[in-house]
Amino acid sequence: MNEKRQQITASAPGKLMLLGEHAVVYGRPCLVTAVGRWQATVAPAADDLLHVTAPDVGLLDCALPLTAPVGEMPAGARFIAAAVQEFRRQHGGHGGLRVSTSSHFSSRYGLGSSAAVTVAVLQALAAWHGVSLTPTELFDLGRRAVLAVQGVGSGFDVAAAVYGGTLYFAAGGPTIEPLAVGELPLVVGYSGVKADTATLVRGVAARRAAALQEIDRLFDQSAILVEAGRQALQAGDLATLGSLFDQAQELLVRLGVSTPRLEALIAAARGAGAWGAKLSGAGGGDCLIALVPAGRRQAVEAAIVTAGGEVVAVHPGEPGARVEDVLG
Ligand code: PMV
């Protein structure tokens, strides 16, 4: 650690999947927009331990051996520990660390807090050590750290955390293409059910093993919707993008990852005048997204609440990872 500095804070955004979830795990592209912000503050500790304070997940100065396998750590500390371990493996560094994280957004919404925290910690460590990471290097480190904890995933959430904005993303390579898009009038509704992404991804893998051609056809259709979505986004054609949301939701129902609760909220949003609506992310719970004409926002939000959902205020297209503050 750089002895002159007392602490460094960096931040990174979370994400909302616009189109392409699940298919992106199998090499098809997706569209993702960055939302929310998570902060990570890194400071040296006098001992040799990793001290994690993450109030959102109930950790207050939780002290852990820095080199312990992440799977043996409390769930709320795993991504932080994996980020520190990955950074040190590549760039060196030793001694105890204090890491604290914060956000205005609850991690229960499934808006990508894990990847955002991972990338924010990496960005803060890099700044501390005076290591200037390219976005590609930051993405690679973040992707390895997230995989060390989660075991599965395309990395689209890490890309959103690093680059921000709205991205066309495909895992092979990877392809990460920032899209020039205007304001995205999204309404986000939380279903009240916290979903476990890894379990849902494994469920799709099992279904695919049993019906390979059928599931791969769904993924190919998803890729077509993503290409059309990219064009609609770039043309500012929100009505078409909304209808692509509806078509994507049908694919996700056939993939078996939607739920009656999500479908009730989606129907409510459509009934109140949304251009289109779909679940966003792995499914099983978490959030739906609806694309809404300016005059319908309030009606769509009210309909989601009446149907039992919670509206989450977000600003799509948040900027990517950055250093916020250097103390000392
Ligand atoms: O559940 P979320 O919001 O983390 O999204 C998961 C999206 C998947 O495509 C199902 C998995 C992935 O890593 O791409």
query = Residues with amide H under 5 Å of residue 59's amide H, sequence separation 5 or more or different chain, H placed in the peptide plane at 1.01 Å from N; which?
reply = 54
Inter-label distance for residue 306 and residue 89, nm, one decimal - labels placed 7 Å from Cα along Cα-to-Cβ = 5.2 nm
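Give the peptides 155-165, 255-265, 284-294 in descending order of average Cβ contacts within 10 Å, highest first.
Details: 155-165: 27.7, 255-265: 18.9, 284-294: 22.8.
Descending packing order for the listed peptides: 155-165, 284-294, 255-265.
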key: residue 234 versus residue 254: modelled label distance in nm, points set 7 Å from Cα along the beta carbon direction   = 2.7 nm
task = Have a look at 308, 95, 173 and tell me which one the Gaussian network model of the chain (Cα, springs below 10 Å) gives the largest fluctuation.
result = 173
query = Label residue 264 and residue 60 with points 7 Å out from Cα along Cα→Cβ: what is the distance between them in nm?
reply = 3.6 nm
ask   = Going 7 Å from the Cα of residue 216 toward and past its Cβ, which residues in the stretch 22-53 have a backbone nitrogen under 14 Å from where you end up?
value = 26-28
task = Quick one: among 25, 312, 84, which has the greatest mean-square fluctuation in a GNM of the chain with alpha-carbon springs under 10 angstrom?
result = 312
remark   = For the stretch 1-81, the percent of accessible surface on carbon and sulfur atoms (probe 1.4 angstrom, ligands and nucleic acids excluded) is 53 percent
query = By how many nm would the segment from residue 147 to residue 323 grow when fully extended, if each residue of separation counts as 0.36 nm and the alpha-carbon distance is taken off?
reply = 61.0 nm
Beta bridge orientation in the chain: antiparallel %, DSSP, nearest 5 = 95 percent
query = Put +1 on the Cβ of every Lys and Arg and -1 on every Asp and Glu Cβ in the stretch 8-83; which of 19, 62, 38 then has its Cα farthest towards the positive end of the dipole?
reply = 19
remark   = antiparallel share of DSSP beta bridges within the stretch 1-138, to nearest 5, in %, is 85 percent
note = Once phi for every residue in the stretch 66-72 is put through the Karplus expression 6.51 cos²θ - 1.76 cosθ + 1.60 (θ = phi - 60°), the whole-Hz ³J(HN,Hα) values, with Gly and Pro written as x, are 5, 9, 5, x, 4, x, 8
request  = Starting at the first residue of the stretch 172-183, write each ³J(HN,Hα) from the Karplus equation 6.51 cos²θ - 1.76 cosθ + 1.60 with θ = phi - 60°, in whole Hz, x for Gly and Pro.
outcome  = x, x, x, 9, 10, 10, x, 9, 7, 10, x, 3
query = Dipole of the stretch 193-328, Cα-centred, from +1 at each Lys and Arg C-beta and -1 at each Asp and Glu C-beta, to the nearest 20 debye?
reply = 280 debye
Magnitude of the charge dipole, the chain, Cβ model with Lys/Arg +1 and Asp/Glu -1, debye to 20 = 200 debye
task = Grab the Cα-Cα distance for residue 47 and residue 227, subtract it from 0.36 nm times how many residues apart they are, and report the gain in nm with one decimal.
result = 59.6 nm
key: Relative contact order of the chain, defined on C-alpha pairs under 8 angstrom at six or more residues apart (%)   = 26 percent
task = For residue 207 and residue 75, calculate 0.36 nm times their separation in residues minus their Cα-Cα distance, and state this gained length in nm to one decimal.
result = 44.8 nm
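The values are calculated or read from the model by the stated rules, or taken from the named source; none is laboratory data. For clarity, every value in this text was computed on a predicted model and none was experimentally measured. Using ideal geometry, Cβ is built from the backbone for each residue, glycine included, and neighbour counts are taken over all protein chains shown. What goes into the accessible areas is simple: the full protein's heavy atoms, side chains included, and nothing from ligands, DNA or RNA. Shrake-Rupley method; radii C 1.70, N 1.55, O 1.52, S 1.80 Å.
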